[in-house]
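Right, one structure below, let's go through it.
The values are calculated or read from the model by the stated rules, or taken from the named source; none is laboratory data. Bear in mind that the values here come from a model prediction, so they are computed numbers and not experimental data. All Cβ positions, even for glycine, are placed from backbone atoms using ideal geometry, and neighbour counts span all protein chains on display.
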Amino acid sequence: MFILSNGASTRVPPSPSPNCRCPCNSCGGIARSLHPAAPPLLHWECMESPVLFTPEEVRVLACLVEKELTTPENYPLTMNALLAACNQKTSRDPVVNYSQDTIQLAIQGLKERGFARVVSGAEHRVPKYKHDLPFMFRLNPPQTAVLTVLMLRGPQTVGEIRGRTDRMHEFASLDEVADTIRELSDHVGRRLVTELERLPGTKEPRFAHLLCGADAIPQSESPRSPSDGATASTIRAEVEALRAELAELREEFRNFRKQFEG
């Protein structure tokens, strides 16, 4: 159901976007009537060539999707929240250190193609940002979760994808994840996900998104063998070094706490 500004409603395809002004008329023309002066925005399957994104656009878009699904009470996101989401140290590969200018440039690119928009008004003290990924790519919830985690964390196995999407969508089995990946591999005639060649010494295939093009897929290092230096003695030495560092940090914290104790 699409709610018009006058309070009336009308039935259109699921999850319509006010950014939809595509000549395919998938939203029944309602969105175009609300934005008559805006330039047309094409759905991805209506474009002559595949949509390609920059890595920065992929990170920004994926963070918007992730935060909507995992912390909806904080969505849409302010610039500061979006910056923190992009630069967080956990659940990200690669870890980045974007500036606000980088985020703004990525948002602008996403807005121009209808994948993101700015929300402002009396109810918002500062501008906030939303995404339209599922609508623009015609994704259902399982597909959205799989694509998002690939955008956030790079190439992964089926098992890794299932474990890392649990807060966005609960898959009943690995087979369900595999089925979703197959759907994304040929989605409305285009490929959003591809299977990578197996690395030496690995049993399970990995999958990656194609939003930046096949050439942009990171090539992970092969698993290290004992000849590479990962011997038992080396590992023990690294563990001891970590223990020593932890003890040193604890001592520094105790000394710091004493400054505030009577």
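Things to note:
- Among all positions in the range 50-70, there is no residue which is assigned to a helix (DSSP H, G or I), touching a strand residue (DSSP E or B) at 6+ places or on another chain (Cβ under 9 Å), modelled with pLDDT under 95 and buried (at least 21 other Cβ atoms within 10 Å of the Cβ).
- Single match in 183, 195, 252 (criterion: modelled with pLDDT under 90 and charged (D, E, K, R)): 252
- The range 118-172, subset modelled with pLDDT of 95 or more and polar (S, T, N, Q), residue surrounded by the most Cβ atoms within 10 Å (Cβ to Cβ): 148
- Helices (runs of 4 or more DSSP H) within the range 74-142 that include 2 or more residues over 16 Å from the mean Cα position of the chain (by Cα): 79-87, 100-112
- Just so you know, in the range 156-194 the residues that are of a type in the set (Val, Ile, Thr) and either in a helix (DSSP H, G or I) or touching a residue at least 40 places away in the same chain (Cβ under 8 Å) (or both) include one that is farthest from residue 66 (Cα to Cα), and it is 188.
- Options 205, 200; residue that is surrounded by 10 or more Cβ atoms within 10 Å (Cβ to Cβ), within 30 Å of residue 59 (Cα to Cα) and either modelled with pLDDT of 70 or more or of a type outside the set (S, T, N, Q) (or both): 205
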